[in-house]
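Heads up: the structure comes next, in structure tokens.
Nothing in this text is a laboratory measurement; each read-out follows from the coordinates by a stated rule. Because the structure is predicted, anything quoted here is derived from the model rather than measured. Backbone-built Cβ (ideal geometry, glycine too); neighbour counts: all protein chains shown.
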Amino acid sequence: MARVLVVEDNPLLQKMYLSILAHNGYEVEIAGDGLEGLEKAKKLIPDLILMDIMMPKLSGIKVLEQLRANPVTAKIQVVILTNLANEADAVRAKELGAVKFLIKADNDPSQITAMVEQLLPKQ
């Protein structure tokens, strides 16, 4: 079973992502801030990380930089999900190897699930 780490500080979005991804057959872990997300990524080595940019303790961009700097986590697929449509952040995320940069408000849960299924085909 593919493992997805959701790094999101909004409790409602955490529950939504957990519910839809678990319902679709993924093992889901949640982290409520960037620092917790970085630690869980190192420990769990998920197949995919869905990560917000604006978070307490450590931003999504800083987490992504640290993931890429560590040989153990460097190859984890990361999708940035944000409501902050900042072009500089999008460019930096892509430079750091984020596989997608999505605006939350433009993507409903079924679109997020379809994107996850595209990146992590079921086994």
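I112: net charge of surrounding residues, Cβ under 14 Å, Lys/Arg +1, Asp/Glu -1, itself excluded? So the environment of I112 carries a net charge of -2. Which value in deg cm²/dmol, rounded to the nearest 500, describes the helix-derived mean residue ellipticity at 222 nm for the chain, given -39,500 (n - 2.57) per DSSP H run of n ≥ 4 and division by the residue count? Calculated at 222 nm, the ellipticity per residue is -13000 deg cm²/dmol. Taking each residue as 0.36 nm, the span from M54 to N83 lengthens on full extension beyond its C-alpha to C-alpha distance by 9.6 nm.
For region 41-123, the list of trypsin sites (Lys or Arg not before Pro) that fall in a loop by DSSP and count at most 13 other C-beta atoms within 10 angstrom reads K75, K122. When only Cα pairs below 8 angstrom with a gap of at least 6 residues are kept, the chain shows a relative contact order of 24 percent. For region 91-101, backbone phi angles converted through the Karplus equation (6.51, -1.76, 1.60; θ = phi - 60°) give residue-by-residue couplings of 5, 5, 4, 5, 4, 7, x, 4, 7, 8, 10 Hz, Gly and Pro being listed as x. The residues packed around A74, meaning those with a beta-carbon under 12 Å from its beta-carbon, carry a net charge of +2 if Lys and Arg are +1 and Asp and Glu are -1.
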